[in-house]
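**Q** Input: one structure, supplied below.
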Amino acid sequence: MSASSGKSPPQQIPKVLKFVFGGTAGMSATLFVQPLDLVKNRMQLSGEGGRAREYKNSLQALQTIFRNEGLTGIYTGLSAGLLRQATYTTTRLGIYTTLFGYLSKDGQNPSFFMKAGIGITAGGIGAFVGTPAEISLIRMTADGRLPVDQRRGYSSVFNALYRISTEEGVLTMWRGCMPTVGRAMVVNAVQLAVYSQTKELLLNSGYFGDNLFLHFTASMISGLATTAASMPVDIAKTRIQNMKIIDGKPEYKGAFDVWAKTIRQEGFFSLWKGFTPYYFRLGPHTVLTFIFLERMNKMYAKYVMGDASAGGGL
């Protein structure tokens, strides 16, 4: 207790729980949107290398996957998706909420640019931690589009990690790490900062209460902005992580090589190929993640800390 004020400092959610809540929220959201992630990855790889496009649109991609691979096929790579959330999202949201609380002074939230800065930091660190699971996810979701004799045939994310490390070397698990980290920094700078800022502006407008509708509205706006900003980086990341070594040479030298070849062979707007499934995956995932996270934070504050008025910490 402070001798000068006579008041105890406000209770805070333990830092370890901020990480646990972040990972749990991301994994819960993934259970709902994994089929959309599968379609997004397949769409981004369709037409690669100048080959004919396999899918005309997202609906045809989903129908083709369902017809050729069955009901379970649309959940291909789920174990990798969950591990990715357990590593990447646990780290990024844990760091973001911790820094957000640390930089909030006297009831005032950090500025928009400060939010973007801590989003960049959280995203970059989270992406590095989650890259091995990300590579496994990309490869597992891409496998079904290949001829049977060319498929990698990973049975689970752990089988994928083991085989990648033993067959291609441990460092392969961080192949495409730079575009992955770059994408995550863009995604988190936009997603987290726009969500926090939109939520704050809507609350201050007087038309919204701190409730599910507010979280839904802020999340959808955040998801749209994030999709537009991050897709070119995401398509480079996807193709680098899925590439094979041909005659001892990788298909791509880096992100700029992916962009140059994609624009030359498929057109400029191919950098936003798969926009619809990407947004319909990212939008709901953003909504569900933030709703789950906000509710867990508020429930902990209410039932454990005895503070029913506490916000969701974002």
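**Q** For residues in the range 182-217 being farther than 20 Å from Ile95 by Cβ and crowded, with 18+ Cβ neighbours inside 10 Å, which is nearest to the chain's Cα centre (by Cα)?
**A** Looking at the filtered set, the residue picked out is His215.
**Q** Another one. Can we say Ala229 is surrounded by fewer than 19 Cβ atoms within 10 Å (Cβ to Cβ), small (Gly, Ala, Ser), more than 17 Å from Ala29 (Cβ to Cβ) and within 19 Å of the chain's Cα centre (by Cα)?
**A** Yes, satisfied.
**Q** Could we say that Ala189 is outside any loop (DSSP other than H, G, I, E, B) and in contact with a Gly (Cβ under 8 Å, 6 or more places away or on another chain) here?
**A** Yes: the conditions hold for Ala189.
**Q** If a residue must be out of contact with any helix residue (DSSP H, G or I) (no Cβ under 7 Å at 6 or more places or on another chain) and touching a residue at least 12 places away in the same chain (Cβ under 8 Å), how many such residues does the range 262-286 contain?
**A** Residues that pass the stated criteria total 1.
**Q** So the check is Cβ under 8 Å with 6+ separation or different chains; which pairs have a first residue in the range 163-179 that's over 15 Å from Lys244 (Cα atoms) and a second one that's in a helix (DSSP H, G or I) and of a type in the set (Phe, Trp, Tyr)?
**A** Final answer for the pair search is Cys177/Phe128.
Every read-out reported here was derived from the displayed coordinates using simple, explicitly stated rules and does not represent laboratory data. Keep in mind the model is a prediction, meaning the values are calculated, not measured. So basically every Cβ, Gly included, is an ideal-geometry build from the backbone, and we count neighbours across all protein chains shown.
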